[in-house]
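Each remark here refers to the structure printed beneath this line.
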Amino acid sequence: MQSMLGPERKVGMDMDALMLRSLQGYVLDTFGLASWQEICRRAELSVETFEPMLRYDPGTADRIAQVAAQVLGRPVEAVWEDVGTYLVTNPDREGVRRLLRFGGMSYADFLHSLEELPGRARLAMPDLDLPEVTLDEVGPDQFELRCQSHLAGTQRVLVGMLTAMADDYGALCLIEPVAADCTKISVLDSRHSKARAFALAMPER
């Protein structure tokens, strides 16, 4: 069976590898092994596991996501948004939530911290290659988040993560993509519900 994947090189983590690994985890945990194997079969992949420390051909994540959307019977945008939500809310991905919650005490603080996120992430994982993001406050509690990425799915993953983090902070927000590289965020009520508990120190197991 011919693989859609091009040559792979161990040169650090890039967005395709991260997105593919996240998509794999989401499908396996939510829909099960049979669904993931069907996606791999239809995509004519020679492997069923994506490694975060490998590099894949640019755009591979978007191509596999299109196949996943067909198998799951959902729009590809919804699949990617669910991946973003999964990364924040799944107990096995607590490290992602903690990295984001270090941004501040309020949802607005969190939004302002996103410009620093690629740098903070690289402190923990020097080989991590995240796209840069910029945040503009265009009005009271009105923000525009821009992210330049070669992957169309990146923005939708961000939408899912932003939505999940709004719930985490107890904020009521309207979050909508308005351009290929821009998401608009309106904070309607910063104290809509009780925020999830969060402590700077890692909980003891």
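The values are calculated or read from the model by the stated rules, or taken from the named source; none is laboratory data. Remember, predicted model here, so these are calculated numbers, not experimental data. Virtual Cβ from ideal backbone geometry, glycine too; neighbours counted across all protein chains shown.
Values computed for the structure shown
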item	result
Leu117 being closer than 17 Å to Val159 by Cα and crowded, with 19+ Cβ neighbours inside 10 Å	no
Residues (within 16 Å of the chain's Cα centre (by Cα) and charged (D, E, K, R)) located in the stretch 80-115	Glu81, Asp82, Asp92, Arg93, Glu94, Arg97, Arg98, Arg101, Glu115
Spans of helices (runs of 4 or more DSSP H) in the stretch 92-205 with at least 3 residues at pLDDT 90 or above	107-113, 153-169
Filter pass, Val187 being within 14 Å of the chain's Cα centre (by Cα) and not charged (D, E, K, R)	no
Residue match in the stretch 43-56 (condition: part of a helix (DSSP H, G or I) and among the aromatic types (Phe, Trp, Tyr))	no
Test for Pro52: is it at pLDDT below 85 and not polar (S, T, N, Q)	yes
